[in-house]
Amino acid sequence: QVQLVESGGGLVQPGGSLRLSCAASGNIFSIDAMGWYRQVPGKQRELVATITSGGSTRYAESTKGRFTISRDNAKDAVYLQMNNLDPEDTTVYYCNVVVITQAYWGQGTQVTVSS
């Protein structure tokens, strides 16, 4: 079993920045991909950004150039630096970790962009 603890969400003004963190613990032998997703109520969960164990990244079109995903393999952690935030970025963000083809999800952290 793998547990994920997220932090860093909150309220920020448009154009501001937030940094999300997610730390994994438990029966971790080797983490493959790590990522962030978000879900607006009533809609499907969508990809925000992912990063492989080798450091390759993938971003949603709406976040390219504004968000940066990174990971610290020694700490089993993944981060999401979010800059130039827009009210449309407001929603719950979920950490995702893949360990030997099994996907695990965090509890979600709320990001609210509002003046």
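The values are calculated or read from the model by the stated rules, or taken from the named source; none is laboratory data. Quick caveat, the model's predicted, so the values are computed rather than measured. We place every Cβ from the backbone using ideal geometry, glycine too, and count neighbours over all the protein chains shown. Quick note on the areas: whole protein, heavy atoms, side chains included, nothing else; ligands and nucleic acids left out. Shrake-Rupley method; radii C 1.70, N 1.55, O 1.52, S 1.80 Å.
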Would you tell me the accessible area of residue 64, worked out with a 1.4 angstrom probe on the heavy atoms of the protein chains, in Å² to the nearest 10? 110
Within the accessible area of the chain, what % is carbon and sulfur when the probe is 1.4 Å and the other protein chains stay in place? 47
For the stretch 92-111 and the stretch 18-79, write down the distance between their C-alpha centroids in whole Å. 8
Over the chain, with the other protein chains present, what is the accessible area per residue in square angstrom, probe 1.4 angstrom? 54
Placing unit charges on C-beta atoms (Lys and Arg positive, Asp and Glu negative, everything else neutral), compute the dipole magnitude of the chain about its Cα centre in debye, rounded to 20. 60
Just check the stretch 1-53 against the gyration tensor rule for me: Cα atoms, a ≥ b ≥ c as the square roots of the eigenvalues, rounded for a/c under 1.5, and otherwise prolate or oblate depending on whether a/b exceeds b/c. prolate
